[in-house]
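*Asks:* Can you keep this structure in mind? I'll have questions shortly.
All of the numbers you see were taken from the coordinates with simple rules; none came from a lab. Keep in mind the model is a prediction, meaning the values are calculated, not measured. Here the Cβ is made from the backbone with ideal geometry for all residues, glycine too, and neighbour counts use every protein chain on show.
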Amino acid sequence: AVRTGSPSVALDIGWLAGEVPVIDELILDGALINAEQREAASNLTDIQKHATASSGEPQAGEPGRIVVERFRVRNASVLVSSEHLSTPEELPLRDIVVENIGSTTGGATYSEAAEAMLMPVLAAARSAAAERLRSAAGEAVSEAAREELEEESAELRERTDEARLEVSEKVEELLDRP
């Protein structure tokens, strides 16, 4: 569901003296997120649920920890597929920046760090997809209303023509009377 673009990492080599690795900056440039809308469900919601779900099993030993000072996603886009769109559409995402992951706690677990980086990306993709799908739904409703109005208009024109013909025939009858 996610294709990363070009990653770049800037490490703080000062962490070598400590126990927790520190990443000064992690940049993903040009990521592509696939958003598939199926009726009321979305694969992005499913991904978020799995990413935030705990396995329920205690981890053996102390989990590894990490600090990410800045995580940045730039030039990303979301590819939206839905029955409401005639073809999949690629939409640009705003740049996403998350700072100080694990900085104040002596490091985040790897899963906490991954969640802290992934959730804002998924939220931005879901927001862009939802906005486009709302627009598509509005367009579909407008089109359906336009078609219905055209049908009603055609029926009214037909009834008007019939009434005009009937009135015209009655006027002729009245004028033809001696």
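*Asks:* For the pair T4 and L149, what calculated FRET efficiency results from E = 1/(1 + (r/R0)^6), where r is the Cβ-Cβ distance and R0 = 45 Å, to the nearest 0.05?
*Replies:* Working: r = 48 Å, r/R0 = 1.06.
Once rounded, the FRET efficiency stands at 0.40.
*Asks:* For labels at R157 and K170 in the simple 7 Å Cα→Cβ model, what's the distance in nm?
*Replies:* About 2.5 nm, to one decimal.
*Asks:* Once you list every other residue whose beta carbon is under 10 Å from the beta carbon of I101, what net charge do they have if Lys and Arg are +1 and Asp and Glu are -1?
*Replies:* Values: positive: R70; negative: E69, E99, E112, E115.
Counting the neighbours of I101, the net charge comes to -3.
*Asks:* Can you compute the modelled spin-label distance between S81 and E25, with each label point 7 Å from Cα toward Cβ, in nm?
*Replies:* 3.5
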